[in-house]
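Here's the structure we're looking at; comments come further down.
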DNA sequence: TGCAGGTTTCAATTAAAATTGAAACGGTGG
DNA sequence: CCACCGTTTCAATTTTAATTGAAACCTGCA
């Protein structure tokens, strides 16, 4: 499976050593490491997703570890994150059903595949990251409003007016976000 | 090191010192530090914008520095970022027009105000961050496609099919993004 | 019960940002 | 030309986040 590796001299891959990756895999991995950093996730998460995206067959833990030259810790953590985001799924349904039908069954490793449907990815991103964020902000806005009320006597009425209008603007943003985002999630 | 932060004797304010801020200001600042970290910008940028958002009158460099207890460097860098994002503007139009009509004019400091219109903020965020990002990704996708073509002989035709379909899916994402985002920008 | 992969945990380490502060840079009025 | 004020620059530092690797933890099997 490995194309002739070890680029050796010539083009030293600079930032991304990509030791065990084909050029194609390396390119795709780069696409996703970049995307993932835009989203504020660790690079390793992008590498793992990128590798799975660039690979037709499912991969197991150990292959990911080897091809990307990552530690077990990173792979474990990265797979967990991607699983939680719904960006990867086990290739084999959880079935135990077939029974213990062979002698050479060692507890086989989970084989992972990338979820490549944009709607699913965006959907869970919204659900997992934006929605909790908005919840947090709602709390904060409430607190801010109360602080403003408490401060009232200390402000000129002109300032108060302005600040009130800004706060209400913020609340509008919030409201818009918390109605629009779930909607988008549904629409995808 | 420090497993436990070792509270020791210091009465130094802990995580959120907010030394010179009213409770209201502190709350609003928190809202924006959080938002800004979601966007992958430095915290200080959120603090500065939050302070300006929470203040009815324009503020000058020195006041920001003092109220947020930031270094000159951070304030300068933060103001620059916010300016570039179109999130703040000078309160006083750049006018020199009136002429040098007074004797007590020291080179006055720029007074900054927050831009509070969501559409403007989102618009420039799209323009300044997402659009350049998409440009970069376009490049990468091209490279990836070429790599795949180059690798063709090394792949089973089944794998090749799958990878080609994934790539084209990626390209679709890209295309959608690069048409939809500018559109959104306009619509705001 | 013991063993053998496979995976997770978590303190220590390393890498990556962000922040600082001192020095340099205008530009303006004296 | 000089001295001053507001601002920017940038190397050094600090802070924060990601990565590592060894040990613990399953779980099914013999």
- Query: Measuring from centroid to centroid over Cα atoms, what is the spacing of the range B:125-155 and the range B:15-91 in Å?
  - Reply: 36
- Averaged across the residues of A:161-172, what count of C-beta atoms belonging to other chains lies within 10 Å of each residue's C-beta? 3
- Query: In the range A:121-187, what is the volume of the convex hull around the alpha carbon atoms, normalised per residue and reported in Å³?
  - Reply: 63
- Query: Other chains' Cβ within 10 Å of A:24-37 residues: what's the mean?
  - Reply: 5
- Message: Need one value for B:145-155: mean number of C-beta atoms belonging to other chains within 10 Å of its residues' C-beta atoms.
- Response: 4
- Query: Measuring from a point 7 Å out along Cα→Cβ, what nm distances, shortest first, does residue B:108 have to its partners in the other copies?
  - Reply: 7.7
- How far apart are the residue A:186 label points across copies, placing each 7 Å from Cα toward Cβ, in nm, shortest first? 2.8
- Per-copy distances of the residue B:171 label point, shortest first, in nm (7 angstrom along Cα→Cβ): 5.0
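Taken together, the values in this text are just the output of simple stated rules run on the coordinates, not laboratory data. Keep in mind that this is a model prediction, so the values were computed, not measured. Reconstructed Cβ throughout: ideal geometry from the backbone, glycine too, with neighbour counts over all protein chains shown.
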